[in-house]
1. I'd like to know which of Q113, L56, G14 lies farthest towards the positive end of the charge dipole of the chain, counting +1 on Cβ of Lys and Arg and -1 on Cβ of Asp and Glu.
2. Write down the percent of antiparallel bridges among all DSSP beta bridges whose residues are both part of the chain, to the nearest 5.
3. List the GluC sites (Glu not before Pro) within the range 26-119 that fall in a DSSP loop (any state other than H, G, I, E or B) and whose Cβ has at most 11 other Cβ atoms within 10 Å.
4. How high is the relative contact order of the chain, in percent, counting Cα pairs under 8 Å that sit 6 or more residues apart?
5. Stokes-Einstein diffusion coefficient for the range 85-125 at 10 °C in a medium of 1.306 mPa s, Rh from the Kirkwood formula over Cα pairs: what value in µm²/s?
6. How many Lys pairs in the range 1-146 lie less than 17 angstrom apart by Cα atoms, where the lysines are 8 or more positions apart or on different chains?
7. Over the chain, give the accessible area per residue in Å² for a 1.4 Å probe, as an integer.
8. May I ask for the Rg/Rh ratio of the chain, computed from Cα atoms with Rh as the Kirkwood radius, given to two decimals?
Amino acid sequence: MLEHEIKNKVLTIGNRKGQTVYYAYPKSQQKLTNDMVVERIVRETSLSEGDVKNALVSLSNVVCDALQLGMSVDLAELGSFRVVVPSKMMDTPEEVTVKDALKTPKIVFTPKQKMRDAANAVELSIDKGSVKSSTGGGTTTNPDESETENPLG
């Protein structure tokens with residue numbers, strides 16, 4: 001479940017300048033750590049903990065090497081990674097150079113349908129108990145103990 005809280009801020013530009021607006025802002029999200037992933041894979045396969053850790057390190061190395069070579073990487077049911085390099089608009093063809101026209105490369109992840117379906121199925125909620133200001137001075141809450149548990153079992 002993704003929990004949100006209500007925050008507010010005063011707009012400083014545009015047609016609604018000076019108006020206080022309210023919006024949903026995500027609370028801290030539960031995290032599935034690397035150790036939790038390893039433990040889950042060990043339980044569901046015949047692989048040892050060391051095998052799984054080595055496979056994950058190797059996967060990272062393979063993906064990084066491929067991206068550095070400008071290749072895209074297809075990870076089956078997960079999705080694919082690729083490097084994209086945005087370009088600036090230049091006035092003449094002579095100005096279009098690597099140094100002047102190309103921006104910082106970015107990594108784009110495109111999930112497969114199964115992952116998109118999982119994201120679309122996430123349960124959402126908004127805590128209407130308090131409104132917090134985005135400019136600081138808001139109330140703080142203690143994280144639930146359940147945030148440290150493995151959400152996948």
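The values are calculated or read from the model by the stated rules, or taken from the named source; none is laboratory data. Here the structure is a predicted model, which means the values were calculated and not measured. When we count neighbours, we look across all protein chains shown, and the Cβ atoms used for this are built from the backbone with ideal geometry, even at glycine. These accessible areas exclude ligands, DNA and RNA; they are computed on the full protein's heavy atoms, side chains included. Shrake-Rupley method; radii C 1.70, N 1.55, O 1.52, S 1.80 Å.
1. Farthest along the dipole direction, towards plus: G14.
2. Among the beta bridges of the chain, antiparallel pairing accounts for roughly 70 percent.
3. Values: sites: E39, E44, E49, E77, E94, E95; in loops: E77.
Those that pass, being in a loop and sparsely packed, are E77.
4. Numbers: 172 pairs, mean separation 47.8, N = 153.
Over the chain, the number comes to 31 percent.
5. Working: Rh = 13.5 Å.
The Stokes-Einstein estimate is 117 µm²/s.
6. Here the count comes out as 12.
7. On the way: 12040 Å² over 153 residues.
Result: 79 Å² per residue.
8. Values: Rg = 22.1 Å, Rh = 20.5 Å.
Ratio of gyration radius to Kirkwood radius: 1.08.
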